[in-house]
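Worksheet for the structure shown next.
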């Protein structure tokens, strides 16, 4: 079962859509969460920046993979 689910999740259309969702949602959330630091040119917290893109990618991938 696990292999079949992973195969479905990593199909090209799913990955492409998930990447687009992560790009849009991650950018918006980073602007909200770390906007003041970005605006002032201060350093941002890199692990927060990375997770803010990873979480929407994983959520968008999870939904279609359950079919």
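Assorted remarks:
- Every residue from segment 36-57 that is surrounded by 12 or more Cβ atoms within 10 Å (Cβ to Cβ) and farther than 25 Å from residue 10 by Cβ: 37, 38, 44, 45, 48
- Take the conditions (1) surrounded by 14 or more Cβ atoms within 10 Å (Cβ to Cβ); (2) modelled with pLDDT under 90; residue 10 misses just one of them, which is (1).
The values are calculated or read from the model by the stated rules, or taken from the named source; none is laboratory data. Just so it is clear, the model here is predicted, and its values are computed rather than measured. FYI the Cβ positions are ideal-geometry reconstructions off the backbone, even for glycines, and counts take in every protein chain you see.
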